[in-house]
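Okay, structure first, notes after.
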Amino acid sequence: MTIYKIEYIQKGKLKSAKIKADSIYEALKEFKKKHRGIIKNIIELKEESVFEKIVSNFIFNSINQEEFIAVLNQLYVMLDAGISIDIALSQTIEGIKSKNLKKIIEDIYNKINSGYSLVDAFKNYEKQLGIITIAMIKLGEESGDLASAIKDLSGILTEIEENRKRFKKATRYPMFIIIAMVIAFIIVIIFVIPPFKAIFSQLNTQLPLPTRFLLWIEWAIKEYAVIIILLSLIIFGILSFFYNKNYQFHILIDRLMLKIYILGKVIKLAMIGRFIYVLKSLVKSGIPIVNAVEISLSIVENEYLKNRLLLIKDEIIKGGSITDGFKNTELFEPMIIQMIRAGEESGSLIKMFQKISDYYLNEYRYIVDNIAILIEPLLIAAIAGFVFTLALGIFLPMWNLTQAFK
């Protein structure tokens, strides 16, 4: 709970009041119920504790993307109906469930009421909402058609979110199989294999090599489980540190990711398809091509691909053609380059971008929808190896029991 000092004008005199509330928005609501006068300034008197700030900063860096899209859709409907942006925001706040997103929208609402422009109010949350959001809000504010800009923004974010959800859904079954195999392997090693060791020890008979290998794994897990986990965490931490701090290492890992079977192709199609889709949408909305390329690059999460796609912007700035920029990246097929050249020469570049975007989207969806079939040979090989190892480790000792008794 925070104490807010609200300065207001009543009958020509400057007065103040203190209100205890969870947020500025709640404090304003409480103040307006009393109808005291015109608000001039709001001052937060009680700050959060250090612990509260750490927790807030840790959680506040992300928002619920689906709920944010729902908020954008609500804003579009109200703005399209002629409702002002401040009233639209105040009405939208009431239905937001996510604490982080609600706090952001509340602050934007308060800044607008304090005289900020809409884009300046949004700029403070570029990290949470994305550079695309800021660009589209700026476009809508400058063009005077904020409703259309928010509608386009909602469409862009919806397309990106749907592709992410499609990939997660497609990888759910393979991940379940892998986890089940790991659990089964651990159960067999810990509970099934050890009894054979006791039996053969009594018979003074050496266990077969596959069984000794499984027993060695069981011994390593029991004796050094904590050390193995700690070493794994340390290695992961070191790799994460270098990945985040060392740019060259970051690019190296991202480039290696593109070489992984199936996964690399999915990442490439998703990143390039997303780039083209957003680029098309921004150019269609009226944003200059150089700015559109720069904004579109912000949603490419693979640094290696981002570096290659950056050559498009560099080529345009130098005065070259868009076609040459795409060609310099060495990421696009000759067919795509020809389509861009045809669109650039005929003045129908947006139309060509739409076709290229559809091409990448269809390719991405085909691979994702059939990912279980494509990696089925790998899963079968892994299961076969798993079963074969366990069979040798378990049945060979049983076959040797007769010889041992003799």
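How do Glu294, Glu345 rank by accessible surface area computed with a 1.4 Å probe, from largest to smallest? Present the calculation step by step, with values, prior to reporting the outcome.
Working: Glu294 90, Glu345 145 Å².
Greatest to least solvent exposure: Glu345, Glu294.
Axis of helix 376-405 versus longest Cα principal axis of the chain: the two differ by about 30°, to the nearest ten degrees. Inter-label distance, Lys355 to Ala225: 6.1 nm, where each label sits 7 Å from its Cα along the C-beta direction.
Between rounded, prolate and oblate, where does the stretch 80-160 land on the alpha carbon gyration tensor, with a ≥ b ≥ c its root eigenvalues, rounded for a/c under 1.5, else prolate if a/b exceeds b/c?
Numbers: a/c = 1.26, a/b = 1.10, b/c = 1.15.
Because its axes are fairly even, with a/c under 1.5, the stretch 80-160 counts as rounded.
For the stretch 275-325, what number results from the quotient of the Cα radius of gyration and 2.2 N^0.38 Å?
Numbers: Rg = 10.3 Å, N = 51, 2.2 N^0.38 = 9.8 Å.
That works out to 1.05 for the stretch 275-325.
Dividing the mean sequence gap of close Cα pairs (under 8 Å, 6+ apart) by how many residues the chain holds gives a relative contact order of 13 percent.
Highest mean first, the peptides 312-324, 100-112 sorted by other C-beta atoms within 10 Å per residue fall in the order 100-112, 312-324. Inter-label distance, Asn124 to Lys265: 4.8 nm, where each label sits 7 Å from its Cα along the C-beta direction. Please work out the FRET efficiency for the pair Gln338 and Ile87, using the Cβ-Cβ distance as r and a Förster radius of 60 Å; give the result to the nearest 0.05. The value I calculate is 0.75. The dipole here belongs to the stretch 287-372: it is taken about the Cα centre, uses +1 on the Cβ of Lys and Arg and -1 on the Cβ of Asp and Glu, and is about 140 debye.
Taking N as the number of residues in the stretch 283-406, what value does Rg over Cα atoms divided by 2.2 N^0.38 Å take?
Working: Rg = 26.3 Å, N = 124, 2.2 N^0.38 = 13.7 Å.
With N residues counted in the stretch 283-406, Rg over 2.2 N^0.38 Å equals 1.91.
Given the stretch 228-276 reduced to its alpha-carbon atoms as identical point scatterers, what log10 I(q)/I(0) does the Debye formula return at q = 0.21, 0.30 Å⁻¹? Log10 of I(q)/I(0), two decimals: -0.82, -0.96. Here the alpha carbons of the stretch 57-119 define both size measures, Rg and Dmax, at 11.8, 38 Å. Under a straight-distance cross-link criterion of Cα-Cα below 17 Å, which lysines are reachable from Lys351, leaving out those fewer than 8 residues away in the same chain? Reachable lysines: Lys280, Lys284.
Can you give the net charge of the other residues whose Cβ lies under 12 Å from the Cβ of Ile262, counting K and R as +1 and D and E as -1? Working shown, then result.
On the way: positive: Lys259, Lys265, Lys268; negative: Glu376.
That sum, taken over residues with Cβ under 12 Å, equals +2.
A probe of 1.4 angstrom, applied to the heavy atoms of all protein chains, finds Ile19 with accessible area near 10 square angstrom. Mind checking the angle between helix 334-346 and the chain's longest principal axis? C-alpha axes, 0 to 90 degrees, to the nearest 10. Roughly 10 degrees between the two axes.
Give the residue from Leu230, Val278, Gln74 lying farthest towards the positive end of the charge dipole for the chain; charges sit on Cβ (+1 for Lys and Arg, -1 for Asp and Glu) and the dipole is referred to the Cα centre. Most positive-ward Cα: Leu230. A Cα-only calculation for the stretch 260-356 places Rg and Dmax at 12.6, 39 Å. Per-peptide packing, taken as the mean over residues of other Cβ atoms within 10 Å, places 209-221, 144-156, 241-253 in the sequence 144-156, 209-221, 241-253 from highest down.
Accessible area per residue for the stretch 153-293 is 62 Å², calculated with a 1.4 Å probe on protein heavy atoms, without ligands, DNA or RNA. For the stretch 305-353 versus the stretch 113-181, the inter-centroid distance based on Cα atoms is 25 Å.
Counting every Cα pair in the chain, what percent are over 32 Å apart?
For the chain, the share of Cα pairs beyond 32 Å comes to 57 percent.
About the Cα centre of the chain, what is the dipole size in debye to 20, counting +1 per Lys and Arg Cβ and -1 per Asp and Glu Cβ, all else neutral? Numbers along the way, then the final one.
Details: 50 positive and 41 negative charges, 211 e Å.
The dipole of the chain has a size of about 1020 debye.
In units of the rule-of-thumb radius 2.2 N^0.38 Å, the stretch 140-232 shows an alpha carbon radius of gyration of 2.20.
Could you rank Met339, Met175 by how accessible they are, 1.4 Å probe, largest area first?
Values: Met339 45, Met175 100 Å².
Reading off the accessible areas and sorting them downward yields Met175, Met339.
For the pair Leu233 and Ile190 in one chain, pulling the backbone fully straight at 0.36 nm per residue adds 13.2 nm over the alpha carbon distance. In terms of overall dimensions, the stretch 201-294 has a Cα radius of gyration and Dmax of 24.7, 84 angstrom.
Of all accessible surface on the chain at a 1.4 Å probe, what whole percent is carbon and sulfur? Kindly include the intermediate steps, with their values, before the conclusion.
Details: 14370 of 23840 Å².
The computed percentage sits at 60.
Placing unit charges on each Cβ (+1 for Lys and Arg, -1 for Asp and Glu) gives the chain a dipole about its Cα centre, and among Leu396, Ile96, Gly144 the Cα reaching farthest toward its positive end belongs to Ile96.
The values are calculated or read from the model by the stated rules, or taken from the named source; none is laboratory data. Predicted model only: the values in this text are computed from it and were never measured. So basically every Cβ, Gly included, is an ideal-geometry build from the backbone, and we count neighbours across all protein chains shown. Ligands, DNA and RNA are stripped out before the accessible areas are found, and what is left, the full protein with its side chains, is counted by its heavy atoms. Shrake-Rupley method; radii C 1.70, N 1.55, O 1.52, S 1.80 Å.
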